[in-house]
Number of protein chains: 2
Amino acid sequence: MFSIFPIKGYIDQIEGFYCDGIHAGLKVKGNNDLGFIYSDTLCEVEAVFTENRFQAAPLKHYQNYANDFKTNFVLINSKNANAMTGQRGLDDIDTIFSSLNHDLTNPIMSSTGVIGNPLPKELIIKGANSFDLSAKNGENLSTAIMTTDAYSKHCMYEVELENGETFKIGAVAKGAGMINPNLATMLCFICTDASVPKEDMQEALKGASHTTFNAISVDGDTSTNDTVLLLANQKSGSYNKEAFSEALRLVMHDMAMLMVADGEGAKKAVAFEVKNAASLEEAETAAKALSNSLLVKTALFGEDPNFGRIASTIGASRITCSEETLVIAYNDVVVFKKGEILFDEAQEAKAAQVLENDKYKITCDIGQGDASFTAYGCDLGYKYVEINADYRT
Amino acid sequence: MFSIFPIKGYIDQIEGFYCDGIHAGLKVKGNNDLGFIYSDTLCEVEAVFTENRFQAAPLKHYQNYANDFKTNFVLINSKNANAMTGQRGLDDIDTIFSSLNHDLTNPIMSSTGVIGNPLPKELIIKGANSFDLSAKNGENLSTAIMTTDAYSKHCMYEVELENGETFKIGAVAKGAGMINPNLATMLCFICTDASVPKEDMQEALKGASHTTFNAISVDGDTSTNDTVLLLANQKSGSYNKEAFSEALRLVMHDMAMLMVADGEGAKKAVAFEVKNAASLEEAETAAKALSNSLLVKTALFGEDPNFGRIASTIGASRITCSEETLVIAYNDVVVFKKGEILFDEAQEAKAAQVLENDKYKITCDIGQGDASFTAYGCDLGYKYVEINADYRT
């Protein structure tokens, strides 16, 4: 067996990893907008990218490396996504890296911000050349990658294996908004000193994505820049496949939940559990339909236990279902049970009480099989409109 | 050839059709909430219903009639959808119709409002028994069926055939909001005295739906109650298949556009034209993705020509596309052309000017084929949240 303990601090708690963030002049208000992760040895690296057909330049740049490339540097900017910028976007990344006076091997770039503007490369070059690669300022990095995030997102864990060996794993991430369908870019940088073999990394990353980032995002409806990057310097000398996969899943779940809770202007983090669906695909379809429904989201914002919108969204998702088998509950308050409306004044008051919480679960028992999936979402209020009506300008 | 002229008034302009609306006590504020359409002869009838798996009781009630049934009466209430009400919902409709002191044949019910509440059938019976079936008060009917609609929706046309014969066709409808994905119920009642044969009615209705109501709605993501009903009393003695289909399409287009313009709190009606896509399916997918994107809608609300969000949404829809062939324009202001960003200060100002209008077109030339589809949508602002956060209570 193994144990996973949360520990304080940022990814720079891991031996050999360094990071920092600065204000390079991309954002107008003096906030941090450029950061880096540096490793004093070469790292194995794996990534999961957006399925958007218009992948941004940094994603294409990464994929131009050979399959088994190693790296010691990730450069991250906010404010400009370097997306829809064609060959120029790729050339800009090459120009930036060839202009840096650090000793870099296969450097990776990652960007988030407005789509369709050329990268301000002079500002980025000047800023990156001022980096101290021996810095350990995780907090600065975490704020440098933020866009509409209300707060920075990070976590750290130490894993203790049965034989007493330990390794560390942690992440820094950005992403806010309903994630989907609103296309807020999600970036997540995971560092570890586990001696994970290269061949295990992609499998672990894909596996963990399914119940974490993919549970807060409808497949395929993603930003041009979404990226999850896993860097392994293998310095700990310790590894156990199961422990590593579980720790990675935990890290990604933490980051996903922080993104949901940071929905642009959101006050509520809601788990939408669909259970006893006819198939896993149908469970996912219905759970994600709920977490993405504008009518459901606005009802949650209004703290209104309008279970009819829940039912209607389930029906509109066209999964196998019947009024005669459907059960709907807010936490443990059942409001609709197999064709029967359980919504007298007392029951409505109880349901309304659940909706006053910051976190709660809405369960839909479809009663057609045994497949379950939980999607995570948030409410949608005035703040969301305010943020997105004037994000660019 | 034939001519189609818009004429004044409501569906009661058609000989043999009568209608009215009253306040029966379902809505609290004294507004009309119960209406009817009566025909002094039996009408041929056809309908198109929601694809939601939880069809409301009135839709099931309709479908319990024999395929070739005729009717002389439609009863419509707002405020309560009679959805998720099971057998009780069906029984309530039977109880209502068996309690009415009018001479009705195969009466049809239609409901819109909150899901998951039993119908207040005593109020409806009392109200319906007070109806004067010889009334011609189209305006009252049109307001009685409203829920979150900002204004009532209706149109009337007279069609003149080549031989000088004429028939009339018109509609009264309700529906507001982004229609999709927000599930605002859409009801549309179309009456005509054209001598359309029963066998032509379903074909014409389905054909016209494709480019009208379906263009403002993603297939399958619909309310529990969506209904388009076509009543033909055949009194005019005149008919031409092509003329009828075209007039029907015009009526449904009018109603669809009024619904888009009445998006809950919306200020802008926007046509999203996707052209030169690889297939019609892809053109539809991309056009509807644009009209449903929260990020696009909020940018339109902010009058922000953020074409990156347009591009990203096209890419996220996973249709066949490439930056090298994509062209994006606001009306005739091209901002992105085959990999090239045309967005200097002057061009941005021109694009922003387009967005100040109440109506405009956003065109995405995919450059991968020759299929086109236009979807219609609107902006999303604070008012939408306000309406939907407290709609039920």
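Assigning unit charges at the beta carbon (Lys, Arg +1; Asp, Glu -1) and nothing else, what dipole magnitude in debye, to the nearest 20, does the protein assembly as shown show about its Cα centre?
Working: 66 positive and 106 negative charges, 191 e Å.
Computed about the Cα centre, the dipole is about 920 debye.
Would you give the gap between the C-alpha center of the range B:267-289 and the C-alpha center of the range B:199-263, rounded to a whole Å?
Using only Cα atoms to place each centre, the spacing works out to 20 Å.
Only Cα pairs under 8 Å and at least 6 apart count here; give the relative contact order of chain A as a rounded whole percent.
Answer for chain A is 18 percent.
How much of the DSSP beta bridge set in the range A:269-389 is antiparallel, as a percent to the nearest 5?
Of those bridges, close to 70 percent are antiparallel.
From the convex hull of the Cα coordinates of chain B, what is the mean projected area in square nanometres?
Over every viewing direction, the Cα hull of chain B projects on average to 19.3 nm².
Cα convex hull of the range B:241-283: how many Å³ per residue?
Enclosed volume per residue, from the Cα hull, is 104 Å³.
Which values, in whole Å and largest first, are the semi-axes of the equivalent ellipsoid of the range A:36-104 obtained as the square root of 5 times each eigenvalue of the Cα gyration tensor? Present the calculation step by step, with values, prior to reporting the outcome.
Values: eigenvalues 84, 50, 25 Å².
Semi-axes from the Cα gyration tensor: 20, 16, 11 Å.
Just want to confirm a number: the relative contact order over the range A:40-92, from Cα pairs under 8 angstrom separated by 6+ residues, in percent.
50 percent
As I understand it, the value is the acute angle between the Cα axis of helix A:307-316 and the longest principal axis of the Cα atoms of chain A; what does it come to in degrees, rounded to 10?
Helix A:307-316 sits roughly 70 degrees off the main axis of chain A.
Determine the dipole magnitude for the range A:3-261: charges of +1 sit on the beta-carbon of Lys and Arg, -1 on that of Asp and Glu, nothing else is charged, the reference point is the Cα centre, and the result goes in debye to the nearest 20.
Approximately 860 debye in magnitude.
Please report B:S312, A:S130, B:S78 as a ranked list, fewest other C-beta atoms within 10 angstrom at the top and most at the bottom.
Placing the least packed residue first, the sequence is A:S130, B:S78, B:S312.
Taking the dipole about the Cα centre of chain A, with the C-beta of Lys and Arg at +1 and of Asp and Glu at -1, give me whichever of A:L248, A:G35, A:N67 is farthest to the positive side.
About the Cα centre, the residue reaching furthest to the positive side is A:G35.
Distance cut-off 20 Å, Cα to Cα: go down the list A:K297/B:K60; B:K174/B:K241; A:K153/B:K297; A:K136/A:K168; B:K168/B:K198 and report the pairs above it.
Details: A:K297/B:K60 29 Å; B:K174/B:K241 27 Å; A:K153/B:K297 28 Å; A:K136/A:K168 16 Å; B:K168/B:K198 17 Å.
With Cα atoms farther than 20 Å apart: A:K297/B:K60; B:K174/B:K241; A:K153/B:K297.
In whole Å and largest first, what semi-axes does the C-alpha gyration tensor of the range A:1-53 yield when each eigenvalue is scaled by 5 and square-rooted?
Details: eigenvalues 145, 73, 40 Å².
In descending order the semi-axes read 27, 19, 14 Å.
Could you bin all the Cα-Cα distances of the range B:269-389 into 10 Å bins starting at 0 and give me the percent of pairs in each, rounded to whole numbers?
That works out to 15, 48, 30, 7, 0, in percent per bin.
To one decimal place, what Kirkwood hydrodynamic radius in Å is obtained for the range A:213-295 from all pairs of distinct Cα atoms?
15.4 Å
To the nearest 20 debye, what charge dipole does the range A:253-393 have about its Cα centre, counting +1 at the Cβ of each Lys and Arg and -1 at the Cβ of each Asp and Glu?
Dipole size: approximately 240 debye.
So how far, in whole Å, is the C-alpha centre of the range B:343-393 from the one of the range A:47-73?
If you average the Cα positions of each part, the centres end up 32 Å apart.
Using a label position 7 Å from Cα in the Cα→Cβ direction, what is the ascending list of nm distances from B:A150 to the same site in the other copies?
Distances to the matching label points in the other copies: 2.9 nm.
Pairing the Cα long axis of helix A:198-211 with the longest principal axis of chain A, what angle in degrees results, from 0 to 90 and rounded to the nearest 10?
Roughly 30 degrees, rounded to the nearest 10.
Nearest 5 percent is fine: what portion of the DSSP beta bridges confined to the protein assembly as shown is antiparallel?
75 percent
Sorting B:E246, A:E356 on the 10 Å Cβ count, fewest up front, what's the list?
Values: B:E246 17, A:E356 9.
So the residues, fewest neighbours to most, are A:E356, B:E246.
Tell me which of A:S312, A:G367, A:L280 sits at the most positive position along the dipole axis of the range A:269-389, charges placed on C-beta atoms (Lys, Arg +1; Asp, Glu -1).
A:L280
In chain B, what residue has the beta-carbon at the shortest distance from the axis of the rotation relating B to A, and what is that distance in angstrom, rounded to the whole number?
That would be B:Y382, 3.
Report, please, the projected area of the range A:114-175 averaged over directions, based on the convex hull of its C-alpha atoms, in nm².
It is 6.6 nm².
Among DSSP beta bridges whose residues both lie in chain B, state the antiparallel percentage, nearest 5.
Around 75 percent antiparallel, to the nearest 5.
If one takes the longest principal axis of the Cα atoms in chain A, at what angle in degrees, from 0 to 90 and to the nearest 10, does the Cα axis of helix A:345-355 lie?
Helix A:345-355 sits roughly 0 degrees off the main axis of chain A.
What is the mean number of Cβ atoms from other protein chains located within 10 Å of the Cβ atom of each residue in peptide B:222-229, rounded to a whole number? Intermediate values should be presented prior to the final figure.
Details: counts 4, 5, 5, 1, 1, 0, 0, 0.
The mean count of partner-chain Cβ atoms within 10 Å per residue comes to 2.
I need the inter-copy label distances for B:G339: point set 7 Å along Cα to C-beta, values in nm with one decimal, smallest first.
6.3
List, shortest first and in nm to one decimal, how far the label point of A:D94 (7 Å from Cα along Cα→Cβ) is from its counterparts in the other copies.
Relative to the other copies, A:D94 has label-point distances of 7.7 nm.
Tell me, B:S152, A:S209 in order of fewest to most beta-carbon neighbours within 10 Å?
Going from sparsest to densest Cβ surroundings: A:S209, B:S152.
Positive end of the dipole of the range A:1-140, charges at C-beta (+1 Lys, Arg; -1 Asp, Glu), about the Cα centre: which of A:V45, A:P120, A:I93 has its Cα farthest in that direction?
Farthest along the dipole direction, towards plus: A:P120.
Considering every residue in A:103-115, what mean count of other chain Cβ atoms within 10 Å of its Cβ is obtained?
Partner Cβ neighbours, averaged per residue: 1.
Using helices alone, what [θ] at 222 nm do you get for chain B, with -39,500 (n - 2.57) per DSSP H run of 4 or more residues, divided over all residues and rounded to the nearest 500?
Details: 11 runs with 121 residues, N = 393.
The helix contribution divided over chain B gives -9500 deg cm²/dmol.
Between the range B:125-175 and the range A:100-172, what is the C-alpha centre distance in whole Å?
So the separation of the two Cα centres works out to 63 Å.
Let me make sure I get this right: for the protein assembly as shown, a, b and c are the square roots of the gyration tensor eigenvalues over alpha carbons, sorted descending. Under 1.5 in a/c it's rounded, otherwise prolate if a/b > b/c, else oblate. Which is it?
Numbers: a/c = 2.70, a/b = 1.78, b/c = 1.52.
Here the protein assembly as shown falls in the prolate category.
Computed from the coordinates by the stated procedures, all read-outs in this text should not be read as laboratory data. These numbers come from a predicted model, not from an experiment. Virtual Cβ from ideal backbone geometry, glycine too; neighbours counted across all protein chains shown.
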